[in-house]
Amino acid sequence: MDTKTWDFRNINALLSANDDVQEIKRIYQQGGLIALPTETVYGLGGNAKDDDAVKAIYEAKGRPSDNPLIVHIHSMDQLADFTQNISVETITLMQHFWPGPISFIVPLKSGYLCDRVSGGLSSIAVRMPSHKVGRYILQQVDLPIAAPSANLSGRPSPTLFEHVYQDLNGRVDGIINGDQSEEGLESTVLDCTVYPFRIARPGAITKQMIEEVIPHSVEAFTDFNNEKPIAPGMKYKHYAPDTPLTIIRNFNKMPTTVQEWQNIAFIVPDNKKHLVPHNAQFISLCTDTKDLKGANHNLYTILHRLDNDTNIKHAYIYGFKDTEQSNAYMNRLMKAASQQIIEGDDL
């Protein structure tokens, strides 16, 4: 398959590219797959009404078919087509946080979306992205677009066009270049089919932020181990580079027998660089131990970098203290490192 690319890093170029936009619209309408940028990560988009298109998403990613997809919309008016019985509290949260990096699991109305998109569930996760390029494309296409992360299943999610191209060139119809994703981690997924609501996957929108809108409305995050996942990332291995990765919280417990430090990378905040063995490779995670936004933004780019650097044979990466704010970062990291961790007092 030939994969076409469009460079829309300049939003003004997109606004004047009517022929390209119409081509993208036709590809989606005809069941094709196009990766598009969002503020979280790049998504692999297909028409959520088209069973063949959704099947092709699973195949292109090598994704288990019981792992549900998030449907992306540009307007709350679209919800009436495929959802039902959404609570007043959920609507309030949607109005407050959309467009933005949060997906809501709500009751599904059958007959509009294809059955495959929900992974066989009676609910559906839905999101309205805020990325200017992704949002404009959704507006012009005017279809519900199923869009999991645009990477091979299990690999680190893509935050750059280059990440998508590396994984999916030749497997999809097109890729839209919209520059680097701002947030860098997938959206928060909030299960609104129960009350109090449950955070099925942590992200940039935290429990505290949600409860500032509706007090006492969210259970504490639990990394649910469901046999039948209700949201992406709950059951299967995710986010993992090929390079062995260990989370580190205590340099005093580091192995002392390593001879070839030049093949070891330490991914730590800038203010912890002095703790890195002088022969090892230092990779900047963020500015300091309070810079979680920077860590979130940089994480997947760094994981991709590990696999592209043949000199790195093993990597140690900084583990933040367990707080509500670090939930999203540590959730991805524990999966990427297969929960290998050197515990101890935080660095």
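Data for the structure
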| quantity | calculated |
| --- | --- |
| Members of region 294-308 found to be surrounded by fewer than 17 Cβ atoms within 10 Å (Cβ to Cβ) and free of Cβ contacts under 8 Å to residues at least 24 places away in the same chain, listed by number | Asn308 |
| Criterion: open to solvent by 60 Å² or more (accessible area, probe 1.4 Å), more than 22 Å from the chain's Cα centre (by Cα), more than 19 Å from Met128 (Cβ to Cβ) and of a type in the set (Lys, Arg) - qualifying residue of Arg26, Arg9 | Arg26 |
| Residues of region 310-330 that turn out to be out of contact with any strand residue (DSSP E or B) (no Cβ under 7 Å at 6 or more places or on another chain) and open to solvent by less than 40 Å² (accessible area, probe 1.4 Å), as a count | 5 |
| In region 98-113, the residues that are under 23 Å from the mean Cα position of the chain (by Cα) and either of a type in the set (Val, Ile, Thr) or at pLDDT below 95 (or both) | Ile102, Ile105, Val106 |
| Any hit, region 166-174, residues being of a type in the set (Lys, Arg), assigned to a helix (DSSP H, G or I), open to solvent by 50 Å² or more (accessible area, probe 1.4 Å) and over 22 Å from Tyr329 (Cβ atoms) | no |
| Test for Thr40: is it within 30 Å of Pro68 (Cβ to Cβ), polar (S, T, N, Q) and open to solvent by less than 10 Å² (accessible area, probe 1.4 Å) | yes |
| Of the criteria (1) in contact with a Leu (Cβ under 6 Å, 6 or more places away or on another chain); (2) open to solvent by 20 Å² or more (accessible area, probe 1.4 Å), which one Asn18 fails | (1) |
| Single condition Asp288 does not satisfy, out of (1) more than 28 Å from Phe161 (Cα to Cα); (2) acidic (Asp, Glu); (3) loosely packed, with under 14 Cβ neighbours inside 10 Å | (1) |
| Qualifying residues in region 176-189 (those that are more than 25 Å from Ile124 (Cα to Cα) and crowded, with 22+ Cβ neighbours inside 10 Å) - the one modelled with the highest pLDDT | Ile176 |
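The values are calculated or read from the model by the stated rules, or taken from the named source; none is laboratory data. A quick note: this is a predicted structure, and the numbers were derived from the prediction, not measured. Because the Cβ atoms are built from the backbone with ideal geometry, glycine has one as well, and the counts that use them run over all protein chains shown. Heads up: the accessible areas ignore ligands, DNA and RNA and are worked out on the full protein's heavy atoms, side chains in. Shrake-Rupley method; radii C 1.70, N 1.55, O 1.52, S 1.80 Å.
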